[in-house]
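Everything on this sheet refers to the single structure shown next.
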């Protein structure tokens, strides 16, 4: 329950920050920059930051985390694929319009195109985004590729999506900084007029939104349940998952003449291919109790070995009374295995603790170290990404002021 509340809070914070960032851009262009138009003037340029922050930043961020929304888990995986692809497609369309606006403005004002690092990175991000969109549609939505290809390209699909999203945020920060430097003359940007402060806050909102999106999407325990199920049955594919969502099907029943342990073994053997159905969105009321019991265990077995997976997969298929006792026994066995693993981990990682205090010395309890490790890893990657973005902005500012 605490995890659910944390996820709900993170999602609410991300959507709120993203919406506020879009509102800030709208206020900026309407109040400070002369509004919106399509006449080749500066008002036409204003479509560029508005549509890019609204599209490539906000909508892309929503598309990335849409699978993590708990209230969408009642929908089929195919439905959520369409939502995911639709948000990306809308973001791409808005981005193309934004690029047309800035090129049109530059041509009308006789300003060279594609001379800045911001423009290089921006066009590269858009090209990569379009390639990601085409490959995603062809591999996972239609799909036209074999199941083996889809499984092979999924890690690259996920990584490239996060890389493009991070690149877009860095490029957006460079863009709004450039715009402030070029647009503010009396007072200048260095004098910190209200517009400069306002847009700097916009940049912080964009960074905070991106950080929350990346945090949400990189938490394994917040994955859509069907994704967790794949850990138990690594040979299942999206094609199997799609077939399981094609329509209602009755859960398998034990073979006639079998009772007790034999019936349970037969039920488990014949039900492997319907795992996703039982745990997924189309379970019947009779199936849900055991599905919920399994879902409660899934975060605990993430990354564990086959023996542990076998300890829980028994109880997935049915909530019949003769299976419940066996399920409880296997739960206890799972707890025993996990305790043995915890002891081994403590023996192996005696030096781990937050930064020097948590992981090098260490001075903190093992529970603290384990709890803070995901945050420690994420914050390290976030700081590294922030340093890269800041370096790019610094290079751009130096060129603008020096040349």
Residue match in the stretch 74-81 (condition: in a helix (DSSP H, G or I), touching a helix residue (DSSP H, G or I) at 6+ places or on another chain (Cβ under 9 Å) and over 23 Å from residue 150 (Cα atoms)): no
Test for residue 324: is it modelled with pLDDT under 75, farther than 29 Å from residue 166 by Cα, assigned to a helix (DSSP H, G or I) and touching a helix residue (DSSP H, G or I) at 6+ places or on another chain (Cβ under 6 Å): no
Residue match in the stretch 40-49 (condition: exposed (fewer than 14 other Cβ atoms within 10 Å of the Cβ) and in a helix (DSSP H, G or I)): no
Count of the stretch 101-131 residues which are part of a helix (DSSP H, G or I) and within 14 Å of residue 396 (Cβ to Cβ): 6
Scan of the stretch 11-39 for residues that are assigned to a helix (DSSP H, G or I), touching a residue at least 40 places away in the same chain (Cβ under 8 Å) and either more than 30 Å from the chain's Cα centre (by Cα) or under 19 Å from residue 213 (Cβ atoms) (or both), ordered by number: 11, 13, 14, 15, 17, 18, 20, 21, 24, 25, 32
Among (1) surrounded by fewer than 20 Cβ atoms within 10 Å (Cβ to Cβ); (2) part of a helix (DSSP H, G or I); (3) without any contact (Cβ under 8 Å) to a residue 60 or more places away in the chain - the single one residue 88 does not satisfy: (1)
Breaking point among (1) in contact (Cβ under 8 Å) with a residue 40 or more places away in the chain; (2) loosely packed, with under 14 Cβ neighbours inside 10 Å; (3) outside any helix (DSSP H, G or I); (4) touching a helix residue (DSSP H, G or I) at 6+ places or on another chain (Cβ under 9 Å), for residue 8: (3)
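Each row is one residue, and each column tells you yes or no for (1) within 23 Å of the chain's Cα centre (by Cα); (2) outside the structural domain of residue 164 (by TED's automatic domain parsing); (3) modelled with pLDDT under 95.
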{"residue": "76", "(1), (2), (3)": "yes, no, yes"}
{"residue": "101", "(1), (2), (3)": "no, no, no"}
{"residue": "104", "(1), (2), (3)": "no, no, no"}
{"residue": "120", "(1), (2), (3)": "no, no, no"}
{"residue": "124", "(1), (2), (3)": "yes, no, no"}
{"residue": "129", "(1), (2), (3)": "yes, no, no"}
{"residue": "139", "(1), (2), (3)": "yes, no, yes"}
Top-ranked residue in the stretch 371-388 [being within 18 Å of residue 210 (Cβ to Cβ) and over 20 Å from the mean Cα position of the chain (by Cα); ranked as modelled with the lowest pLDDT]: 387
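So that you can scan it fast, the table gives a plain yes or no per residue for (1) surrounded by 14 or more Cβ atoms within 10 Å (Cβ to Cβ); (2) assigned to a helix (DSSP H, G or I); (3) touching a helix residue (DSSP H, G or I) at 6+ places or on another chain (Cβ under 6 Å):
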{"site": "144", "(1), (2), (3)": "no, no, yes"}
{"site": "152", "(1), (2), (3)": "no, yes, no"}
{"site": "168", "(1), (2), (3)": "yes, yes, yes"}
{"site": "173", "(1), (2), (3)": "yes, yes, yes"}
{"site": "178", "(1), (2), (3)": "yes, yes, yes"}
{"site": "195", "(1), (2), (3)": "yes, yes, yes"}
{"site": "202", "(1), (2), (3)": "yes, yes, yes"}
{"site": "213", "(1), (2), (3)": "yes, yes, yes"}
Of residues in the stretch 340-370 being over 27 Å from residue 218 (Cβ atoms) and assigned to a helix (DSSP H, G or I), the one modelled with the lowest pLDDT: 347
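The values are calculated or read from the model by the stated rules, or taken from the named source; none is laboratory data. Only a predicted model underlies this, so the values are computations on that prediction, with no experimental measurement involved. When we count neighbours, we look across all protein chains shown, and the Cβ atoms used for this are built from the backbone with ideal geometry, even at glycine.
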